[in-house]
Amino acid sequence: MSKYDEPQPFYRWIEENAPLLKPPVANKLMYGDGQMKVMVVGGPNTREDYHIEEGEEFFYQIKGEMTLKIMDGGKPRDIVIREGEVFLLPARIPHSPQRSAGGIGLVLERERADGELDGLRWYVRDDPNTILYEEWFHCTDLGTQLKPVIERFFASEEYKTQKPTKTFPAPPFELDTTTSPPEPVGFASIVGDAKNGDKLFASEFTVTVHKGPCTVDVSDERGEVLVLQVRRESSIEFVSGDAQAVAEGHIVLTRKGNAKKLAVSEGAVTLTFTNAVVVAK
C-alpha cells in the first residue's frame, strides 16, 4: 500500500498496478490501514451477491463503465456509472457492482467499528423480494473475506435448488428502503461549475472543491483527509512544520491530525475527501 502523507502519481500508480486490476484479483488497495479505504477496482466481473454495509461508498469511474445493481425501495434498479462520472451510494442499501472488461474505478469506503457487520445477500432470481441466502461478518478486508462466503453459497443447497431453506433473522441494522439515489454525474462538469469551497457531497463522505489561490485550514477536519490534485499544484503543511507539494494528477491521504493547512496555487483545483464517521484504531 502507499505511504500516508506522501503524494503519489495517481494515474501512474494505476498503470503500474494494471495486472492486479484484472481477474482473478481485479482490485488493489491504495490506502487501507486507517479510517479511509481507498481502492482501485477493475473488470470484468459478474456478481449475483449484494453487499450491505452501514457506511456510504463513493464511486469514480476513471475508465470504461460499470453497472451498480441496487435494491431501490425493495425493487431492483441498475445504475450505470459511465467513464468520468461519480456516484455516492447511501448507507444500508444492498448493492452489487458489475464491471466491464478494461474498466477502472476508484472506490472509497470507511473503516468498520468494532461489532459493526457487513452482509452478503443473494435473492431468488425470479423473486427479488425473497432472500435466497445471506451471511453477516465483521469486515476487516473485503478482498479476502468475500471469497469464502461466496464459496459457501456455491456449495449450499440454496444455490443448487434456487430455493430458500430457512427464514433469515432481521439484519443487524435497518436497511434503507426509502432513499432513491440520484443518477451519477459528470465529475469534470460539477468540478468546473463549482466555486471555491463548494461541497459536492456533504453527508458521511464530504467532497470539497478548492480553487486557487486560497489557503484552507484542515487541522480541524475529523479523521483523515484525502487530497486529489486535479489541476496545477497545491501544498500541504503538516503540524510538524514540514510541507509536501502535491503536483497535478497526484493523490495523498493524510493521517488523522497530521495535516494543518492546504495552500492551493493560482489557477489550481484541489479536491479534499473526508468522512464524518471516525472509528477509533
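A few comments on the model shown:
- When we screen Lys166, Lys211 for residues that are open to solvent by 80 Å² or more (accessible area, probe 1.4 Å) and either closer than 26 Å to Thr272 by Cα or at pLDDT below 95 (or both), the only hit is Lys166.
- Just one residue in the set Lys28, Lys75, Lys69 is in contact with a strand residue (DSSP E or B) (Cβ under 6 Å, 6 or more places away or on another chain), within 22 Å of Phe173 (Cα to Cα) and either of a type in the set (Lys, Arg) or crowded, with 17+ Cβ neighbours inside 10 Å (or both); that residue is Lys69.
- Residue within region 222-244 that is assigned to a loop (DSSP other than H, G, I, E, B), of a type outside the set (Lys, Arg), within 20 Å of Glu109 (Cα to Cα) and open to solvent by 20 Å² or more (accessible area, probe 1.4 Å) present: no
- Listed conditions (1) farther than 26 Å from Gly84 by Cβ; (2) among the hydrophobic types (A, V, I, L, M, F, W, C); (3) more than 22 Å from the chain's Cα centre (by Cα) are all met by Val216, apart from (1).
- Residue check for Glu134: farther than 25 Å from Thr270 by Cβ, out of contact with any Ser or Thr (no Cβ under 7 Å at 6 or more places or on another chain) and exposed (fewer than 15 other Cβ atoms within 10 Å of the Cβ): no
- Some residue of region 252-275 being open to solvent by 10 Å² or more (accessible area, probe 1.4 Å), at pLDDT 95 or above, part of a loop (DSSP other than H, G, I, E, B) and of a type in the set (Ser, Thr, Tyr): yes
The values are calculated or read from the model by the stated rules, or taken from the named source; none is laboratory data. In this text the structure is predicted, and so the values were computed from the model without any measurement. Using ideal geometry, Cβ is built from the backbone for each residue, glycine included, and neighbour counts are taken over all protein chains shown. Heads up: the accessible areas ignore ligands, DNA and RNA and are worked out on the full protein's heavy atoms, side chains in. Shrake-Rupley method; radii C 1.70, N 1.55, O 1.52, S 1.80 Å.
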